Amino acid sequence: MLQFSSLILSNDEIAPHYFHMVLKAPISSYLPGQFVMIKVNNTNIPLLRRAMAILSWRDEELEIVYKAIGLGTKELSKRAPGEKLEVIGPLGNSYEIPDGLGHAYMITGGVGMSPLMPLARALTKKRIKTTLFFGGASVTDLVMRHEFSDLGVMVIPVTMDGSLGKRGLVTDVMEEGFKATKPDPQNDMVFTCGPHAMMRKVYEIAGKYGLKTQVSMETRMACGTGVCLGCVIKNKNGSYLRACTEGPVYYGEEIDWNARLD
Amino acid sequence: MPDSTKRHPEPQQRHPEPKAKDLIIQIGNQSFTNPIFMASGTFGYGDDLTDLVDYSKLGAIITKGISLEPRAGNPTPRIIETSAGLINSIGLQNIGLKAFLKDKAPLYPKLKTRVIANIFGTSIEEFNELTDAMNRVEALAGIELNISCPNVKKGGVEFGVDPKATTEVVKNARSRTKLPIIVKLTPNVTDMTIIAKAAADEGADALTVSNTFLSMRIDVLKRRPSLATTFGGISGPAILPIILRQVWQVSSAVKIPVIASGGIMTTHDALEYLMAGATAIQIGTATYINPKAAHEILAGIKDYLTSNNLTLQDLIGIAKEG
Ligand SMILES: Cc1cc2nc3c(=O)[nH]c(=O)nc-3n(C[C@H](O)[C@H](O)[C@H](O)COP(=O)(O)OP(=O)(O)OC[C@H]3O[C@@H](n4cnc5c(N)ncnc54)[C@H](O)[C@@H]3O)c2cc1C
Ligand SMILES: Cc1cc2nc3c(=O)[nH]c(=O)nc-3n(C[C@H](O)[C@H](O)[C@H](O)COP(=O)(O)O)c2cc1C
Ligand code: FES
């Protein structure tokens, strides 16, 4: 875990409301699924840092993708190259790639794609067959889909308005896909990041086909470093585990999906 | 020609570097190298931020509240941000006394700082049992009695709002330990000085002013309270001016040291509290945002003392003079 002040190299709107930011950052090794905590400005509003998944962190350059929706991310979108931001990271655990993994199925919606990018890089490097069901309201929500294809990932786009790929819900298309191809419960696995309701559905569908699911949970975080106990996820056994430290990636069966998160 | 520079008198050292001892503070029978403590619930049990924090620069670490039995804590969501503040309803999730003694306490003799145990009971008996156990922990520098957590339904805040209950808790603890006893007060009372005096009269060594204010927010989209428990305690810069007033009042009402806790983010904030009469300060929410806040504030206080040729003792309560 490092704490550093980081120069913004670029902060570009790559699609309506979606921003890709590159920061100058000391070299660090990180794992797919890990995140950083970023202070979006140097005032007390917003007070807290924002968690951002690591899209990439190589050659002293840290990349993130975010959607400007609320106070923190809208503020972040105003930062210009040359300005500096305070960063802490890498934080949290990571997606696990089990030995002998057959086919990796990734399901995401919108900005949830970010932590799946380094995972896709690791999977394709190991020559593991990887499919991405990529959902969004419209074609502009499927950001960086070409980067996934370039890695050799089979991308299946799904949009609510039918502007790209199949029209409808990404989870419905995932289920149709599973019905047709019959994944192998012994060797295949599901990886997901996105809205809570989507991930829950993904976990349920994967379960029907006997597949395990690794989910990256999005919770409110105050510190990101394990000391506030604000970010916890309720486990099936009733205990609360810190998403910033023991998470954000969990196996779907560990989680009490009925617990309120937001 | 005579060398005129040599005749010049030696420039007077008007601003000597404050000697390290200037920053030493005494609470009960223990001394601390500086007046900056890490607040309970914002630094875990002291072993999470080892990568980022230089422990030798901390006056003390105060542990997360410890109860007799482990506590799962409150349902989620437990935190919500507000303008310059944070509302939490963690509900004292903690590993319990047994695991604390086994897994955490053995780390403390090796730390480069001192550790104060924050304890929390739902009855006098529980407080007593916890106090007895802490007496046996090697290298412990004190006990902070948490009679003020707003996030537990039973106990906690009930002691802290009642002077008689406060008297009982402190009297019992005092009879059982020579370690410094710090009583952490609640701001959720009309007049904090009444409780403060009750604690001081029973032999408390210091008072922490204070815990968080009961508060809430509503999620307008979902039309329900933002926290699962509806209410939580607010911390952070938003509460500073109110706690500052309380530190001023309490430090005027009792003779024992007051430790300020409320919204300290910067050196400036810390100086205000010291000038209002606090002997020491706790860094809480600031650590979430900047784990190095305590270091920066320590350096800032040193600078301030140096450039104003003051000692820490001079500074404490200076705003009340004249
Ligand atoms: C481990 C982890 C990794 C994350 N990675 C990323 C990432 O890579 N990119 C990214 O953009 N975000 C990511 N997030 C979420 C991010 O930290 C922020 O919470 C989120 O971007 C909203 O912040 P904000 O300050 O803009 O909104 P806030 O001011 O906190 O919220 C403003 C409003 O937006 C609403 N809102 C909050 N979150 C969402 C949401 N996801 N969708 C719709 N409405 C919402 C709130 O209900 C509120 O009404 C991650 C979170 C975690 C825990
Ligand atoms: C998430 C969180 C957890 C806390 N847990 C405890 C606790 O276990 N025991 C306690 O006495 N105080 C606890 N506190 C209160 C802090 O120690 C501190 O008194 C308070 O936050 C005000 O200071 P600040 O504004 O600097 O944070 C907690 C505060 C926060 C924000
Ligand atoms: S965000 Fe503070 S413990 Fe996880």
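Among the criteria (1) within 16 Å of ligand 3 (Cβ to nearest atom); (2) of a type in the set (S, T, N, Q); (3) more than 14 Å from chain B (Cβ to nearest Cβ), the one A:GLN3 does not fulfil is (3).
Of all residues in the range A:111-127, how many are more than 8 Å from the chain's Cα centre (by Cα) and polar (S, T, N, Q)? Result for the range A:111-127: 1.
Can you tell me which residue in the range B:82-96 is nearest to ligand 1 (Cβ to nearest atom), limited to those that are closer than 20 Å to B:LYS184 by Cβ and open to solvent by 20 Å² or more (accessible area, probe 1.4 Å)? Outline the logic, then answer.
Taking the range B:82-96 and keeping what is closer than 20 Å to B:LYS184 by Cβ, we get B:85-96.
This time we only want the ones that are open to solvent by 20 Å² or more (accessible area, probe 1.4 Å), so: B:88, B:93, B:95.
Working: B:ASN88: 15, B:GLN93: 18, B:ILE95: 24 Å.
Ranking the candidates gives B:ASN88 first.
The set of residues in the range A:50-64 that are under 22 Å from A:THR108 (Cα atoms) and either more than 6 Å from ligand 1 (Cβ to nearest atom) or open to solvent by 10 Å² or more (accessible area, probe 1.4 Å) (or both) comprises A:ARG50, A:ALA51, A:MET52, A:ALA53, A:ILE54, A:LEU55, A:SER56, A:TRP57, A:LEU62, A:GLU63.
Yes/no per residue for (1) crowded, with 24+ Cβ neighbours inside 10 Å; (2) part of a strand (DSSP E or B):
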| residue | (1), (2) |
| --- | --- |
| B:GLU69 | no, no |
| B:THR76 | yes, no |
| B:ILE80 | yes, yes |
| B:ALA99 | no, no |
| B:LYS104 | no, no |
| B:TYR108 | no, no |
| B:ALA133 | no, no |
| B:VAL137 | no, no |
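Check the range A:98-113 and report whether any residue there is free of Cβ contacts under 8 Å to residues at least 24 places away in the same chain and in a loop (DSSP other than H, G, I, E, B). Checked against the condition, which is being free of Cβ contacts under 8 Å to residues at least 24 places away in the same chain and in a loop (DSSP other than H, G, I, E, B), the range A:98-113 yields at least one hit. Checking the range B:160-177 against the condition returns no match, with no residue being in a loop (DSSP other than H, G, I, E, B), in contact (Cβ under 8 Å) with a residue 40 or more places away in the chain, more than 16 Å from ligand 1 (Cβ to nearest atom) and over 17 Å from B:ASN118 (Cβ atoms). Only a single item in (1) touching a helix residue (DSSP H, G or I) at 6+ places or on another chain (Cβ under 7 Å); (2) surrounded by 24 or more Cβ atoms within 10 Å (Cβ to Cβ); (3) within 22 Å of A:GLU86 (Cβ to Cβ) is not met by B:ALA276, and it is number (3). For the range B:286-318, the tally of residues that are within 14 Å of another protein chain (Cβ to nearest Cβ) and in a helix (DSSP H, G or I) stands at 8. Scanning the range B:52-67 for residues that are open to solvent by less than 30 Å² (accessible area, probe 1.4 Å) and more than 9 Å from chain A (Cβ to nearest Cβ) returns B:VAL53, B:TYR55, B:LEU58, B:GLY59, B:ALA60, B:ILE61, B:ILE62, B:THR63, B:GLY65, B:ILE66, B:SER67. Remark: pairs (first residue in the range A:201-227, more than 14 Å from chain B (Cβ to nearest Cβ); second residue charged (D, E, K, R); Cβ separation under 6 Å; 6+ apart in sequence or on different chains) = A:ILE205/A:GLU175; A:LEU211/A:ASP188.
Counting just the residues of the range A:234-252 that are of a type in the set (Lys, Arg) and within 15 Å of ligand 3 (Cβ to nearest atom), which one comes out farthest from A:GLY207 (Cα to Cα)?
As a first pass, look at the range A:234-252 and keep what is of a type in the set (Lys, Arg): A:234, A:236, A:242.
From the residues that got through so far, the ones that are within 15 Å of ligand 3 (Cβ to nearest atom) too are A:234, A:242.
Working: A:LYS234: 19, A:ARG242: 24 Å.
Going through the qualifying residues, I end up with A:ARG242.
Looking at A:GLY70, A:GLY100, A:GLY92, which one is more than 17 Å from A:PHE19 (Cβ to Cβ) and within 14 Å of another protein chain (Cβ to nearest Cβ)?
Numbers: A:GLY70 fails: more than 17 Å from A:PHE19 (Cβ to Cβ); A:GLY100 fails: within 14 Å of another protein chain (Cβ to nearest Cβ).
Testing whether each residue is more than 17 Å from A:PHE19 (Cβ to Cβ) and within 14 Å of another protein chain (Cβ to nearest Cβ) leaves just A:GLY92.
The values are calculated or read from the model by the stated rules, or taken from the named source; none is laboratory data. Everything quoted here is computed from the prediction, not taken from an experiment. Counting neighbours? That spans all protein chains shown, and the Cβs are built from the backbone with ideal geometry, glycine included. Side chains included, ligands, DNA and RNA excluded: accessible areas come from the protein's heavy atoms. Shrake-Rupley method; radii C 1.70, N 1.55, O 1.52, S 1.80 Å.
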